[in-house]
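The values are calculated or read from the model by the stated rules, or taken from the named source; none is laboratory data. Remember, predicted model here, so these are calculated numbers, not experimental data. Cβ placement follows ideal geometry from the backbone for every residue including glycine, while neighbour counts extend to all protein chains displayed. Keep in mind that these areas ignore ligands, DNA and RNA; they rest on the heavy atoms of the full protein, side chains included. Shrake-Rupley method; radii C 1.70, N 1.55, O 1.52, S 1.80 Å.
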Amino acid sequence: MDPEKVKISEAWKKALYAEFQAEYFDNIASQLRKAKSEGKIIFPPGHLIFNAYNITRPEDVKVVILGQDPYHNPGEAMGLSFSVPKTTKIPPSLKNIYKELHNSLDFAIPGHGDLTAWADQGVFLLNAILTVEKNNAGSHKNIGWQHFTDQTIKYLSDYCQHIVFMLWGNFARNKKTLIDNTRHLILESAHPSPLAGNAFQGNGHFCKANEYLITHGKKPVNWQIT
């Protein structure tokens with residue numbers, strides 16, 4: 001695919017230029033076109049597929065929070081892992097993320113789930129799979145997105161310094177082989193989903209992330225969302 005036709009920030013276009021020219025990326029594009037021609041609804045909307053990339057440039061990334069695939073219900077997916085638009089009900093996993101923030105940082109729990117304020121500060125809210133069919137979780141797990149996002153993670157690991165990678169749940173934890181732990185901090189825990197019980201609570205990841213950033217001369221993240 002011609003990289004110039006991909007609606008992604010120039011910084012990421014340059015960083016991942018070879019990926020857009022790869023055969024697997026052509027396959028992703030053709031699979032999405034095929035699904036739409038069959039009348040299937042794809043989330044997030046096209047202009048938000050690369051939302052995380054368009055908000056947070058590679059050189060600005062301080063923290064990576066890795067999700068699996070987008071929310072598959074209407075009005076939820078916005079191209080940022082765990083985030084939903086302000087008008088949408090806060091999902092259970094995000095409620096548990098907020099609970100951990102409240103318990104560890106005296107975080108005042110907001111009335112919405114839009115995490116754009118984090119992305120603006122260098123928190124790269126990346127889903128490993130960037131699209132999904134309506135009401136069909138995991139439906140795009142095999143169309144090639146993981147090749148692309150694996151290369152994204154590897155690029156950040158190889159060309160950036162002192163990033164905090166938050167890997168929650170077994171799916172995300174399996175990505176740690178892509179990350180150089182001598183250059184970056186890897187934080188692992190259970191997934192915030194209620195299905196994991198309360199295992200996510202008390203992991204202290206948000207405190208540990210800011211401590212690490214400060215130690216390496218970076219501005220800490222203001223996790224509080226207004």
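Pairs are defined by a Cβ separation below 9 Å, a sequence spacing of at least 6 or placement on different chains, a first member in the range 147-161 that is in a loop (DSSP other than H, G, I, E, B), and a second member that is at pLDDT 95 or above and aliphatic (A, V, I, L, M); the pairs so defined are Cys160/Val61.
Table: residues versus (1) out of contact with any Leu (no Cβ under 6 Å at 6 or more places or on another chain); (2) hydrophobic (A, V, I, L, M, F, W, C).
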residue	(1), (2)
Phe20	yes, yes
Tyr24	yes, no
Ile28	yes, yes
Ala52	no, yes
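Could we say that Leu48 is closer than 30 Å to Leu94 by Cβ, out of contact with any helix residue (DSSP H, G or I) (no Cβ under 6 Å at 6 or more places or on another chain) and not charged (D, E, K, R) here? Yes.
Residues in the range 162-174 that are part of a helix (DSSP H, G or I) and either buried (at least 20 other Cβ atoms within 10 Å of the Cβ) or in contact with a strand residue (DSSP E or B) (Cβ under 6 Å, 6 or more places away or on another chain) (or both): 3 in all. A single entry from Ile28, Ile8 fulfils the requirement of being surrounded by 15 or more Cβ atoms within 10 Å (Cβ to Cβ), in contact with a helix residue (DSSP H, G or I) (Cβ under 7 Å, 6 or more places away or on another chain) and not in a helix (DSSP H, G or I): Ile8. Inspection of the range 3-16 identifies no residue that is under 24 Å from Phe171 (Cα atoms) and either touching a Gly at 6+ places or on another chain (Cβ under 6 Å) or of a type in the set (Asp, Glu) (or both). The conditions of being touching a Pro at 6+ places or on another chain (Cβ under 7 Å) and surrounded by fewer than 16 Cβ atoms within 10 Å (Cβ to Cβ) are met by Lys134. Determine whether Glu76 is surrounded by fewer than 20 Cβ atoms within 10 Å (Cβ to Cβ), assigned to a helix (DSSP H, G or I) and of a type in the set (Asp, Glu). The answer is no for Glu76. Scanning the range 126-146 turns up one or more residues that are among the aromatic types (Phe, Trp, Tyr) and within 22 Å of Arg33 (Cβ to Cβ). Just a yes or no: is a residue in the range 181-188 within 17 Å of the chain's Cα centre (by Cα), among the hydroxyl-bearing types (Ser, Thr, Tyr) and either surrounded by fewer than 18 Cβ atoms within 10 Å (Cβ to Cβ) or within 15 Å of Gln68 (Cβ to Cβ) (or both)? Within the range 181-188 (the criterion being within 17 Å of the chain's Cα centre (by Cα), among the hydroxyl-bearing types (Ser, Thr, Tyr) and either surrounded by fewer than 18 Cβ atoms within 10 Å (Cβ to Cβ) or within 15 Å of Gln68 (Cβ to Cβ) (or both)), the answer is no, since none of the residues qualifies. If you go through the range 177-226 and keep only what is charged (D, E, K, R) and in contact with an Asp or Glu (Cβ under 9 Å, 6 or more places away or on another chain), you end up with Asp180, Arg183.
Residues are listed down the side, and each one gets a yes or a no for (1) open to solvent by less than 40 Å² (accessible area, probe 1.4 Å); (2) β-branched (Val, Ile, Thr):
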position	(1), (2)
Asp60	no, no
Thr88	yes, yes
Lys95	no, no
Leu101	yes, no
Leu105	no, no
Asp114	yes, no
Asp120	no, no
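Say we look at the range 189-226 and pick out the residues that are in a helix (DSSP H, G or I) and among the polar types (S, T, N, Q); which of these is most open to solvent (accessible area, probe 1.4 Å)? Checked the range 189-226; the qualifying residue most open to solvent (accessible area, probe 1.4 Å) is Thr215. Any idea which residue in the range 113-137 is farthest from the chain's Cα centre (by Cα), counting only those that are closer than 21 Å to Lys62 by Cα and assigned to a strand (DSSP E or B)? Selected residue: Val123.
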